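Below you'll find the structure, written out as structure tokens, and then a few comments.
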Amino acid sequence: MKFDHVLKQMKDRMPEKRYIHTRGVALTAIHLAEKYGEDTAKAEIAGILHDSVKYADKEWLRAKILSEKMDPNLLNFHHELWHAPVGSYVAKNEFNIDDEDVLQAIKYHTTGRANMSPLEKIIYISDMIEPSRNFPGVDLLREKAEKDLEDAMISCIHHSITFLIGKKQPVFPDSFHCYNDLIQKRGKVKE
Ligand code: FE
Ligand code: FE
């Protein structure tokens, strides 16, 4: 891979299992970028950096959200969501990534949002279906990702939202906006 040197740096930042996940996301993202005509280098670096602060201190993440004026509503939701926007900040400021599409793909990889770019969708989907993921329904998501990026994205965000609702957990508004946007756009195409 082109950014193996950056991938190696992730080894010190996360447990082995998460490192394997990170590598899997990068490889899956490269594959999907090739398939759907997107930039494979951007897909690779976004995949490598997407979970860079997954194991960062919770209070440090909270402080960054406040000091960098990220969406304060994040703090009303589970801290699991915080590593995505802060990861985007770290990609820019520690790893000198200046490509907005890559930064946005990292920023929205846990919640999704309305009007996602193809690269954002590729990272979101890759995060869910990379080879080490193992949950009921993952194979169907993998099959969809091979056929149609939009359809795969709809199924992935549907899976996330219904999973959270099934556990009676709160759902961050961006995920609903993502779902509505995809469904409304799909409806328009079919009319
Ligand atoms: Fe993540
Ligand atoms: Fe991840």
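The values are calculated or read from the model by the stated rules, or taken from the named source; none is laboratory data. All values derive from a computational prediction rather than experimental measurement. Using ideal geometry, Cβ is built from the backbone for each residue, glycine included, and neighbour counts are taken over all protein chains shown. In case anyone asks, the SASA skips ligands and DNA or RNA and just uses the protein heavy atoms, side chains included. Shrake-Rupley method; radii C 1.70, N 1.55, O 1.52, S 1.80 Å.
Brief remarks follow.
- Hits in the range 78-100 - residues which are away from ligand 2 (no atom under 16 Å from the Cβ) and open to solvent by 40 Å² or more (accessible area, probe 1.4 Å): 89, 92, 93, 94, 96, 98, 99, 100
- Within the range 10-34, the set of residues being away from ligand 2 (no atom under 16 Å from the Cβ) and farther than 16 Å from residue 130 by Cα comprises just one member, 12.
- Residue in the range 5-19 that is within 20 Å of residue 111 (Cα to Cα), open to solvent by 30 Å² or more (accessible area, probe 1.4 Å) and touching a helix residue (DSSP H, G or I) at 6+ places or on another chain (Cβ under 6 Å) present: no
- Cβ pairs under 8 Å, 6+ apart, first in the range 110-124 and more than 19 Å from residue 44 (Cβ to Cβ) and in contact (Cβ under 8 Å) with a residue 60 or more places away in the chain, second within 16 Å of ligand 2 (Cβ to nearest atom) and hydroxyl-bearing (Ser, Thr, Tyr): 111/175; 112/124; 112/160; 112/175
- Any hit, the range 122-142, residues being touching a Leu at 6+ places or on another chain (Cβ under 6 Å) and of a type in the set (Phe, Trp, Tyr): no
- Being closer than 23 Å to residue 122 by Cα and in a helix (DSSP H, G or I) is a description that does not apply to residue 62.
- Selection within the range 1-52 - away from ligand 1 (no atom under 16 Å from the Cβ) and acidic (Asp, Glu): 4, 12, 16, 34, 38, 39, 44
- Residues in the range 7-25 that are touching a His at 6+ places or on another chain (Cβ under 9 Å) and in contact (Cβ under 8 Å) with a residue 60 or more places away in the chain: 25 only.
- Search result, residues across the range 44-70 that are buried (at least 16 other Cβ atoms within 10 Å of the Cβ) and more than 16 Å from ligand 2 (Cβ to nearest atom): 64, 65, 70
- Hey, residue 189 modelled with pLDDT under 95 and β-branched (Val, Ile, Thr) or not: yes
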